[in-house]
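The values are calculated or read from the model by the stated rules, or taken from the named source; none is laboratory data. Keep in mind it's a predicted model, so treat the numbers as computed, not measured. Don't worry about glycine lacking a Cβ; one is built from the backbone with ideal geometry, like all the others, and counts go over all protein chains shown.
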Amino acid sequence: MSERYSETERIYDELLLARLQAGDRRAGERLAARWYPRLMRTACRLLRDEDQGRVAVQDAWTGICRGWRSLNDPSRFPAWAYTILHRKCADRIRQNQRRRSRVGERASEPTVAPAGEARVSIAQAFDGLSDDHRTAAALYFSEGLTIREIAAVTDVPTGTAKSRLFHARRHLKEALGENHSDEGE
């Protein structure tokens, strides 16, 4: 998984957003360059498809660009950006479900690019999670959001976000063979 979102990165993003709101276009370009990989990684995890992830990120970034002026608290940028992305991904999932039900398609198995046994195992473990649990795990482990931020992104109470992350962790440990029980000792 990727490294957590550090305090230094948060402060730098807040500075970029403040400069962007003051009219600095280059700050906007830097913010986009910094956030595209994060948003893309999350969209691919949620949608399980790189092409659809790219479309969702483009749609999300369009929404971000339309609304950045109204964001009063730059420290809320990560949760706000992921909320927009989450909604765009949910829209794509609904579109895919409608299309499949009209055409009678079955969902295809997600493909995992060969990148080492551990990476494949992790990807398969994530694929075994429900959509809600996968979202919580991706935002926490890959993007470094806090429980409170995950709750804001997914529009659920903090306790629900915490529970989803708990269940996702448990499933991932079991799927990766890390469930160390006391049985047989």
Quiz prompt | Criterion (closer than 17 Å to Arg38 by Cβ, touching a helix residue (DSSP H, G or I) at 6+ places or on another chain (Cβ under 8 Å) and modelled with pLDDT under 80) met by exactly one of Glu149, Glu143, Glu105 | solution = Glu143
Quiz item: Filter region 154-185 for residues that are aliphatic (A, V, I, L, M) and modelled with pLDDT of 85 or more; which is surrounded by the most Cβ atoms within 10 Å (Cβ to Cβ)?
Solution: Ala161
Exercise. May I ask you to list pairs of residues, at least six apart or on different chains, whose Cβ atoms are under 6 Å apart, with the first in region 40-54 being touching a residue at least 60 places away in the same chain (Cβ under 8 Å) and the second being of a type in the set (A, V, I, L, M) and assigned to a helix (DSSP H, G or I)?
Key: Thr42/Ala138; Arg45/Ala138
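Every residue, every condition in (1) within 12 Å of the chain's Cα centre (by Cα); (2) under 18 Å from Ser142 (Cβ atoms); (3) modelled with pLDDT of 95 or more; (4) surrounded by fewer than 18 Cβ atoms within 10 Å (Cβ to Cβ), yes or no:
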{"residue": "Met1", "(1), (2), (3), (4)": "no, yes, no, yes"}
{"residue": "Cys65", "(1), (2), (3), (4)": "no, no, no, yes"}
{"residue": "Pro78", "(1), (2), (3), (4)": "yes, yes, no, no"}
{"residue": "Tyr82", "(1), (2), (3), (4)": "yes, yes, no, no"}
{"residue": "His86", "(1), (2), (3), (4)": "yes, yes, no, no"}
{"residue": "Arg94", "(1), (2), (3), (4)": "no, no, no, yes"}
Quiz item: Only one residue in Leu46, Leu16, Leu39, Leu20 is touching a Gly at 6+ places or on another chain (Cβ under 6 Å), under 21 Å from Gly67 (Cβ atoms) and in a helix (DSSP H, G or I). Which one?
Solution: Leu20
Quiz item: Would you say Gly23 is of a type in the set (Gly, Ala, Ser), modelled with pLDDT under 90 and more than 27 Å from His171 (Cα to Cα)?
Solution: no
